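The values are calculated or read from the model by the stated rules, or taken from the named source; none is laboratory data. What you see is a predicted model; the values in this text were computed from it and never measured. All Cβ positions, glycine included, derive from the backbone under ideal geometry; neighbour counts span all protein chains shown. Heads up: the accessible areas ignore ligands, DNA and RNA and are worked out on the full protein's heavy atoms, side chains in. Shrake-Rupley method; radii C 1.70, N 1.55, O 1.52, S 1.80 Å.
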Amino acid sequence: MAMTMTQKILAKHAGLDSVSAGQLIEAKLDLTLANDITGPVAIRELEKAGFETVFDKSKIALVMDHFAPNKDIKSAEQCLQCRTFAGKHEIVNFFDVGAMGIEHALLPEKGLVGPGELIIGADSHTCTYGALGAFSTGVGSTDLAAGMATGTAWFKVPSAIKFNLVGSLPKYVSGKDVILHIIGMIGVDGALYRSMEFGGEGVASLSMDDRFTICNMAIEAGAKNGIFPVDDKTMEYFRERSDREVTAYEADADAVYDEEYTIDLSALRPTVACPHLPENTKTVDELGKIEIQQSVIGSCTNGRIQDMRDAAAILKGRKVKSNVRTIVIPATQQIYLQCIEEGLAKIFVEAGAILSTPTCGPCLGGHMGILAHGERAVSTTNRNFVGRMGHVTSEIYLANPAVAAASAVTGYITDPAELD
């Protein structure tokens with residue numbers, strides 16, 4: 001039976017020769033993930049169910065990233081609960097302040113996820129790891145508790161949509177624009193419980209950071225997962241971080257897809273998602289003059305080193321507008337260190353931005369950048385729902401790092417080319 005990449009990975013982990021869309025299976029897990037918000041819920045459910053051990057202390061990752069460093073007593077208690085659990089069960093991959101980073105940038109960086117693997121996480125953006133040719137998806141904390149205890153989870157095998165990428169991205173256009181363009185095209189439910197499978201000759205021109213960003217926001221189209229083929233870039237990235245054996249899967253030539261789209265990367269423009277849904281997209285040329293009070297550059301979507309470099313290239317030798325609070329958040333400690341070593345940190349500070357420790361921070365309205373009544377932000381994050389970053393009357397415009405940096409300089413959402 002012909003299968004997609006995702007279906008082959010699920011079949012392997014279920015111990016089956018083949019699977020088909022809609023089939024219910026139980027599959028073995030390579031890694032489970034939780035953070036300081038979802039972890040405590042999973043821990044309580046695991047303990048309430050009577051489990052006294054975890055299935056594999058090396059295959060559980062707990063990352064303190066959402067409200068860490070802790071913003072209040074409640075968040076401190078949540079981290080303490082995770083810390084205590086990690087100590088009790090000798091969890092190998094526990095990442096606390098000083099070692100943590102934003103989970104979906106940190107786990108690939110640490111070599112904890114790789115091609116052909118199956119990962120679940122109690123966070124919707126776990127789908128990020130499809131950039132490495134893995135099947136990864138977000139689950140509820142109760143499902144995660146079961147996974148942590150047993151090393152297995154049940155799945156309904158998804159059908160798939162194929163996106164054939166051709167050409168290469170022009171200047172000031174990145175993976176963020178690719179996925180915003182697609183979500184604008186198919187809608188926030190356009191891939192509901194389906195796999196978004198990317199392929200075509202254009203894939204080779206995309207950096208790993210671009211691919212991580214694209215897969216990260218697959219959930220914003222309702223997808224079960226996003227996944228890229230494994231190529232030389234994939235293996236180079238993975239081999240620099242791990243020496244364990246992995247299996248790269250390819251979709252069968254006659255695999256069945258619900259729909260197929262061709263995306264010409266060379267024709268894309270910087271794209272912005274206007275309030276209050278990621279599908280409400282316009283190119284930067286179509287926006288008009290939209291003034292902002294805050295610019296956020298970071299998150300699990302766009303806090304990687306390519307994003308930092310793109311923002312710094314715009315901000316170098318310039319100043320952010322005095323009434324625009326500009327917050328730059330490298331996604332991991334390693335990326336933070338690279339920002340220092342490459343002189344990017346100096347550029348950010350001299351431009352009038354602040355450089356934060358790795359944290360999800362303002363993305364979910366957590367801390368370090370909450371919006372007040374009527375304020376407007378341009379952000380490289382992944383969601384712009386009502387009240388997502390603060391007051392219910394505030395607004396979020398999602399954009400790539402170059403657009404966010406250029407907008408910080410001008411005070412309104414700006415095409416970076418205008419500053420050339």
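Over the range 1-139, give the accessible area per residue in Å² for a 1.4 Å probe, as an integer.
Per-residue value: 36 Å².
Applying D = kT/(6 pi eta Rh) to the range 139-199, where Rh is the Kirkwood radius over alpha-carbon pairs, T corresponds to 4 °C and eta to 1.567 mPa s, the Stokes-Einstein value obtained is 90 µm²/s. Between LYS316 and GLN334, the modelled label-to-label distance comes to 2.4 nm, taking each label 7 Å out from Cα in the direction of the beta carbon. Listed by chain and number, the aspartates and glutamates whose alpha-carbon sits under 16 Å from that of LYS171, ignoring those within fewer than 8 places in the same chain, are ASP209, ASP210, ASP264, ASP285, ASP307, ASP310, ASP415, GLU418, ASP420. When the solvent-accessible area of the range 297-369 is split by element, carbon and sulfur atoms take up 54 percent of it, the probe being 1.4 Å.
If I compute solvent accessible area with a 1.4 Å probe over the protein chains, what percent of it on the range 175-269 is carbon and sulfur?
Carbon-and-sulfur percentage of accessible area, whole number: 47.
Positive-end ranking of VAL178, ILE25, ILE340 along the dipole of the chain, with charges on Cβ about the Cα centre, is headed by ILE340.
Taking only protein heavy atoms and a 1.4 Å probe, the accessible area of the range 12-151 is 51% carbon and sulfur. Just checking the listed ones, GLY361, GLY288, GLY114: in the Gaussian network model of the chain with Cα springs under 10 Å, the one fluctuating most is GLY288.
Evaluate the charge dipole of the range 33-100 about its Cα centre and quote only its size in Debye, nearest 20, assuming +1 on the Cβ of each Lys and Arg and -1 on the Cβ of each Asp and Glu.
40 debye
Each Lys and Arg adds +1 at its Cβ and each Asp and Glu adds -1 at its Cβ; summed about the Cα centre, the range 206-328 shows a dipole of about 1280 debye. Name the most mobile residue of ASP307, ASP285, ASP209, meaning the one with the largest mean-square fluctuation, in a Gaussian network model of the chain with Cα contacts below 10 Å. Comparing ASP307, ASP285, ASP209 in a Gaussian network model of the chain, the most mobile one is ASP285. For Kirkwood radius over Cα pairs in Å, the candidate list reads [x] 22.4; [y] 21.4; [z] 25.2; the entry that matches the value derived from this model is [y]. Taking every DSSP beta bridge that has both residues in the chain, what percent is antiparallel when rounded to the nearest 5? Just about 20 percent of them are antiparallel.
Exposed loop positions in the chain were taken to be chymotrypsin sites (Phe, Trp or Tyr not before Pro) whose DSSP state is not H, G, I, E or B and which have at most 15 other beta-carbon atoms within 10 angstrom. Between these positions, the longest stretch is 194-384. From the alpha carbon centroid of the range 270-349 to that of the range 360-420 is 9 Å.
For the pair GLU77 and TRP154 in one chain, pulling the backbone fully straight at 0.36 nm per residue adds 24.6 nm over the alpha carbon distance. Simple spin-label estimate for GLU350 and THR262 gives 4.7 nm between the two label positions (7 Å along the Cα-to-Cβ direction from each Cα).
Taking the chain as a Gaussian network, where each spring joins two C-alpha atoms under 10 Å apart, which residue of GLU117, GLU197, GLU286 fluctuates the most? Evaluated over the chain, the most mobile residue of the options is GLU286.
What the Cβ-Cβ distance of LYS171 and GLU286 gives, at R0 = 25 Å and to the nearest 0.05, is a FRET efficiency of 0.85. Going by a ≥ b ≥ c, the root eigenvalues of the Cα gyration tensor, does the range 176-226 fall in the rounded group (a/c under 1.5), the prolate group (a/b larger than b/c) or the oblate group? Because a/c hits 1.5 or more and a/b exceeds b/c, the range 176-226 counts as prolate.
Amide hydrogen proximity for PHE94: with H placed 1.01 Å from N in the peptide plane, the residues at 5 or more positions away or on another chain lying under 5 Å are LEU62.
According to the calculation over all Cα-Cα pairs in the range 77-133, the P(r) per 5 Å bin from zero is 4, 16, 25, 24, 19, 9, 3, 0 %.
In Å², what does the accessible area per residue of the range 261-396 work out to with a 1.4 Å probe?
Value returned for the range 261-396: 39 Å² of accessible area per residue.
Shape class of the range 230-339 from the alpha-carbon gyration tensor: oblate, with a/c at 1.5 or above and b/c at least as large as a/b. Here is the link list: LYS12/LYS162; LYS74/LYS319; LYS289/LYS319; LYS176/LYS321; LYS110/LYS321; LYS110/LYS282. Which ones come out longer than 29 Å on Cα distance? In this structure, LYS74/LYS319; LYS110/LYS321; LYS110/LYS282 exceed 29 Å between Cα atoms. Backbone amide hydrogens, once placed in the peptide plane, bring TYR397 within less than 5 Å of ALA377, VAL378, SER379, excluding anything fewer than 5 places away on its chain.
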